[in-house]
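S.K.: Here it is: the structure, laid out below.
Each value in this text was obtained by applying a stated rule to the coordinates, not by laboratory testing. Just so it is clear, the model here is predicted, and its values are computed rather than measured. In this analysis, Cβ positions are derived from the backbone assuming ideal geometry, glycine residues included, and neighbour counts consider all displayed protein chains.
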Amino acid sequence: MNISKKIAVVTGGASGLGLAASKMLINAGAAVVIFDMNANAGEQAVADLGSKSSHFVQLDVSSGHDVEVAFKGVLKDFGQVDICVNCAGIGIAAKTVDREGQPHDLDLYRKVIEVNLIGTFNVARCAAAAMAKNESDEKTERGVIINTASIAAFDGQMGQVAYASTKGGIVGMTLPMARDLAKEGIRVNTIAPGVMATPLMLAAPQNVQDGIVANIPFPQRLGEPSEFGQLVGHIVENSYLNGETIRLDGGVRMQPR
């Protein structure tokens, strides 16, 4: 799919990997609607990206009603949705049983599931319904959905049981969703990033960063958010890439802790 003049929705698009995806899409000629909970970050992102090519909607991706209303608004304002990139997510650190012998807080586990897994599916289902209304392009495509998992889906570390559960779920939904939407001309793929140089990671102590980087085969550094953006662009433009989860991790396989 040619990115130029397309309408893209990016969740979590006000910071980190979502912002990198938004920048790439705008640079390639798309208009981007950012869905994000953080109003200040969303408004700043629009100011930085340019109000002619970017727009912000404050939104909880886990709310079915709110997401449905948001997509109705996008269709009203822009007429279509061609690209959806799901980057919204949260993470916690908690073991199944803690050092005091207490079980994992179930409400906290449920919250991570609601935002990361249900939120991804919630946005994807509404994006797909909007894309199904599009006219097919010259390659018979109507839309592209890109979800964000993590290498934690495969190499979840101690204390990542909630987060890894959600990312494993996103990997698991990729192929069946692609199969569901094949007749509609909508492709579905997932990116599983490794350790990326997002603001959250860069805020970690340098010795923590160095310890992580030491386990990355090559290139031995944190991944750049722009490299995530590059992969988003490739997935959109490569019409034969469908139903796949792609690791973007420098070849790392995470240790238990």
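S.K.: Under the 0.36 nm per residue contour assumption, what length would be gained going from the current alpha-carbon distance of Gln58 and Leu241 to full extension? All intermediate terms of the calculation are to be shown ahead of the outcome.
M.R.: Details: separation 183, 0.36 × 183 = 65.88 nm, distance 3.11 nm.
Full-extension gain reported as 62.8 nm.
S.K.: Excluding residues on the same chain fewer than 8 positions from Lys139, give the lysines whose Cα lies under 20 Å from its Cα.
M.R.: The qualifying lysines are Lys5, Lys6, Lys183.
S.K.: Out of [x] 143; [y] 124; [z] 202, which label holds the value of volume of the Cα convex hull per residue in Å³ that was computed here?
M.R.: Of the labelled values, this structure produces [y].
S.K.: For Glu135 and Leu108 in the same chain, what is the full-extension length gain: residue separation times 0.36 nm, less their Cα-Cα distance, in nm? Write out the running numbers ahead of the final one.
M.R.: On the way: separation 27, 0.36 × 27 = 9.72 nm, distance 4.21 nm.
Using 0.36 nm per residue and subtracting the Cα-Cα distance, I get 5.5 nm.
S.K.: Comparing Ile90, Ile170, Ile146, which has the greatest mean-square fluctuation in the GNM of the chain with Cα pairs linked when under 10 Å apart?
M.R.: With Cα springs under 10 Å in the chain, the top fluctuation among Ile90, Ile170, Ile146 is at Ile90.
S.K.: Still on this structure, I have one more. Please give the contour-minus-distance gain from Ala47 to Asn2: 0.36 nm per residue of separation, less the Cα-Cα distance, rounded to one decimal in nm.
M.R.: Working: separation 45, 0.36 × 45 = 16.20 nm, distance 2.56 nm.
Full extension from Ala47 to Asn2 adds 13.6 nm.
S.K.: Can you list residues whose amide H is under 5 Å from Met196's amide H, if they're 5+ apart or on another chain and H is modeled 1.01 Å from N?
M.R.: Amide H neighbours of Met196: Gly223.
S.K.: Same structure again: Counting only C-alpha contacts under 8 Å and six or more residues apart, can you give the relative contact order of the range 1-95 as a whole percent? Let's see the in-between values first.
M.R.: Working: 162 pairs, mean separation 32.5, N = 95.
Rounded, it is 34 percent for the range 1-95.
S.K.: Rounding to the nearest 20 debye, state how big the charge dipole of the chain is about its Cα centre with +1 on each Lys and Arg Cβ and -1 on each Asp and Glu Cβ.
M.R.: Details: 22 positive and 26 negative charges, 63 e Å.
Dipole size: approximately 300 debye.
S.K.: Counting other C-beta atoms within 10 Å, which of Thr245, Thr190, Thr11 has the fewest, and how do the rest follow? Don't jump to the answer; show the numbers that get you there.
M.R.: Values: Thr245 18, Thr190 28, Thr11 31.
Ranking Thr245, Thr190, Thr11 by Cβ neighbours within 10 Å, fewest first, gives Thr245, Thr190, Thr11.
S.K.: So what is the relative contact order of the chain, in percent, for Cα pairs below 8 Å that sit 6 or more residues apart?
M.R.: Taking the mean separation of contacting Cα pairs over the length of the chain, I get 20 percent.
S.K.: Now for a separate question. Rounded to the nearest 500 deg cm²/dmol, what is the calculated helix-only ellipticity per residue at 222 nm for the chain, with -39500 (n - 2.57) per DSSP H run of length n ≥ 4?
M.R.: Taken over the chain, the calculation gives -12500 deg cm²/dmol.
S.K.: On to the next question. Would you mind calculating the relative contact order of the range 120-190 from Cα pairs under 8 angstrom and at least 6 residues apart, reporting the percent as a whole number? Don't jump to the answer; show the numbers that get you there.
M.R.: Working: 86 pairs, mean separation 26.4, N = 71.
After rounding, I find 37 percent.
S.K.: Which residue fluctuates most in the GNM of the chain (Cα springs below 10 Å): Gly16, Gly29, Gly42?
M.R.: In the Gaussian network model the winner is Gly29.
S.K.: Here's a follow-up. Whose amide H sits under 5 Å from the amide H of Asn147, counting only residues 5 or more places off or on another chain, with H placed in the peptide plane?
M.R.: Under 5 Å from the amide H of Asn147 lie the amide H atoms of Asn86, Asn189, Thr190, Ile191, each far enough along the sequence or on another chain.
S.K.: Residue by residue through the range 136-150, which ³J(HN,Hα) values in whole Hz follow from phi under the Karplus form 6.51 cos²θ - 1.76 cosθ + 1.60 (θ = phi - 60°), with glycine and proline marked x?
M.R.: Per residue, the Karplus-derived 3J(HN,Hα) values read 5, 7, 5, 9, 6, 8, 10, x, 9, 10, 10, 9, 10, 9, 5 Hz.
S.K.: Let me ask another. Take the alpha carbon gyration tensor of the range 1-145, find the square roots of its eigenvalues, order them as a ≥ b ≥ c, and report rounded if a/c is under 1.5; if not, report prolate when a/b exceeds b/c, else oblate.
M.R.: Numbers: a/c = 2.36, a/b = 1.80, b/c = 1.31.
Taking the square roots of the gyration eigenvalues as a ≥ b ≥ c, the range 1-145 is prolate.
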